[in-house]
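One structure is given here, and the rest of the page talks about it.
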Amino acid sequence: MSRKILVLPGDGIGPEIVGQAVRVIETVNEKYGLDLELSHGLLGGCATDELGSPYPDETSRQAAAVDAILLGAVGGPKWDDGPRELRPERGLLAIRKELQLFANFRPAMLYPQLAGASTLKPEVVAGLDILIVRELTGGIYFGEPRGIRENADGDREGYNTYIYSEPEVRRIAHVAFQAAQKRGKKLCSVDKSNVLEATVLWKEVVNQVAAEYPDVELSHMYVDNAAMQLVRAPKQFDVIVTGNMFGDILSDCASMLTGSIGMLPSASLNADNKGLYEPVHGSAPDIAGQGAANPLATILSAAMMFRYSFGLGEIAAAIESAVAAVLDDGLRTADIVTEGETPVSTQQVGDAVLDKLSS
Ligand code: NAD
């Protein structure tokens, strides 16, 4: 069965890191006879430059026709001062919304080889393996009304709307309970129900859905406490489920527990397991073009694509083992070296992963 992948390198370090992940995909395609078809497209600042929109119609047509999408990252100072509707991030929000990619999976796992790269004590983070399930197409990032207006006193005021419907909460809760069933069977739902009515409903609906998953132990935590607990005792968590904005913040916090944002993959899925796979980090304009970026988050995102969109867990595991073997050999880009180690380039890490996959 042919499977179609759209590759969107994006901006900044995007083309460098995606280039290495594409080599990995092509290698497993050949080795395991997977019949994958790759096509390329534009998203973000590069799309605005070439086609006048961060999410051009052409990209939208391409995205509709594939089974999965691999994205690098979008954004950069070049586009920071342009009109809001042409901001690269608008392209990302638009593709997520259009494809109804409501379930964002962000694993935060600490490779034992990198325990020293975390800013937390090794005993606090050793063995860390958390999955944050973030609702991605609702909440305050999309809620209407929104804007900046003048109030009755003549002062400007900015406003947004934090809104979740019952079906939106229910479907992300199901995804999170099912993910927990496949892992440690513990789910923590994060809200701010002591202050925000929208999250009072969130909590109520999560409790209702829990009745269908008696094998999963459900707990609730306020977001401020969750942020604190993530840095105090992160290993207490297995799966965390939360809304769009809290998930954005908590998953970045969790990512730093692991030492480098350059190691962390993500998947954003719709109800049919069509997915957009991308590293958690941004386009890192400060190191773009230097061949210094860590490609492992993108390579691990490609691994997630095999697991979640194609149901090929064994291919995902082969890629993940190759990454672990490269770390065992001590190959590290600058973001994960410890004192005394010499960093290697993006290409060298890619070469090493391919070597491990071919051996
Ligand atoms: P960033 O994640 O791009 O960079 C933060 C820091 O981490 C930088 O020092 C960078 O060099 C480093 N870093 C990131 N990825 C790395 C990698 N693979 N290897 C080594 N080091 C890496 O975040 P930022 O600086 O806040 O944002 C830069 C641009 O990226 C902005 O335009 C922002 O809007 C955009 N952004 C895009 C996405 C996305 O496409 N999903 C996400 C976040 C930020």
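The values are calculated or read from the model by the stated rules, or taken from the named source; none is laboratory data. From a predicted model like this one, the values you see are computed outputs, not experimental measurements. All Cβ positions, glycine included, derive from the backbone under ideal geometry; neighbour counts span all protein chains shown. When the accessible area is computed, the model is the full protein with side chains, heavy atoms only, and any ligands, DNA or RNA have been set aside. Shrake-Rupley method; radii C 1.70, N 1.55, O 1.52, S 1.80 Å.
What to note about this one:
- Pairwise label distance in nanometres, ILE249 with ARG149, each label 7 Å out on the Cα-Cβ vector: 2.5
- Ranked packing of 275-287, 302-314, 157-169, 52-64, most packed first, by mean Cβ within 10 Å: 275-287, 302-314, 52-64, 157-169
- Taken along the Cα-to-beta-carbon direction at a fixed 7 Å, the label points for THR119 and GLU212 span 4.0 nm.
- The Kirkwood hydrodynamic radius of the range 119-258, based on inverse pair distances between different Cα atoms, is 16.0 Å.
- Kirkwood hydrodynamic radius (C-alpha pairs) into Stokes-Einstein, the range 1-156, 10 °C and 1.306 mPa s, D in µm²/s: 86
- Accessible heavy-atom area order of TRP79, TRP202, highest first, probe of 1.4 Å: TRP79, TRP202
- Accessible area per residue for the chain, computed on protein heavy atoms with a 1.4 Å probe, is 43 Å².
- The 3J(HN,Hα) values that the Karplus relation (6.51, -1.76, 1.60; θ = phi - 60°) gives for the range 31-37 are, in residue order, 4, 9, x, 8, 6, 8, 10 Hz. Gly and Pro appear as x.
- Working note: Cα gyration tensor of the range 285-333, eigenvalues times five, square-rooted, sorted largest first, giving semi-axes of 24, 15, 5 Å.
- The ellipsoid equivalent to the alpha-carbon distribution of the chain has semi-axes of 31, 26, 21 angstrom, derived from the gyration tensor eigenvalues as √(5λ) and listed largest first.
- Highest average packing first - 10-22, 132-144, Cβ atoms within 10 Å: 10-22, 132-144
- Under Stokes-Einstein, with the Kirkwood radius over Cα pairs as Rh, the value for the range 225-325 at 10 °C and 1.306 mPa s is 106 µm²/s.
- Solvent-accessible area, 1.4 Å probe, carbon plus sulfur percent, for the chain: 51
- Cα-based shape type of the range 51-111, given that a ≥ b ≥ c are square roots of the gyration tensor eigenvalues and the cut on a/c is 1.5: oblate
- HIS40 long-range amide H proximity, modeled H, under 5 Å: VAL7
- Alpha carbon centroid spacing (whole Å) that separates the range 213-244 from the range 62-133: 20
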